[in-house]
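No lab work stands behind these numbers, since they all come straight from the coordinates. These numbers come from a predicted model, not from an experiment. Cβ placement follows ideal geometry from the backbone for every residue including glycine, while neighbour counts extend to all protein chains displayed.
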């Protein structure tokens, strides 16, 4: 073994108190979407009621996340309840109910309200 390599590595000592803290992570932005091997990877919703900036939304998915994008606000919300990769998405006629399905050995279909995120 080459002895001088150990002198190049910076030694870091972690205090035990930093390991005991609870850390909360939140997602700010998701880039990209899955468009291969799926049907209808994108849904557009336009409603004529409520706050004007929130009337238009784009729904799409990537990996285990459904993204609701508000183009007029340049803002995203995320549905994070899937455990496996999402392969389908549809919007109900009432425009607030969304169904998303995943690819797994035992796949799940989630039905959720986009206004309550």
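Where a ≥ b ≥ c are the square roots of the eigenvalues of the C-alpha gyration tensor, would you call the stretch 51-104 rounded, which needs a/c under 1.5, or, failing that, prolate if a/b is larger than b/c, or oblate? Verdict is oblate for the stretch 51-104. Residues 102, 51, 56 in ascending order of nearby Cβ atoms (within 10 Å, fewest first): 51, 56, 102. Using the beta-carbon distance between residue 37 and residue 90 and R0 = 25 Å, what value does 1/(1 + (r/R0)^6) give for FRET efficiency, to the nearest 0.05? Using R0 = 25 Å, I get an efficiency of 0.90. May I ask you to derive the relative contact order of the stretch 33-116, considering only C-alpha pairs under 8 Å and at least 6 residues apart, and to give it as an integer percent? Here the relative contact order equals 21 percent.
For a paramagnetic label modelled on residue 78 (point 7 Å from Cα along Cα→Cβ), amide N atoms under 16 Å away belong, within the stretch 91-117, to 117.
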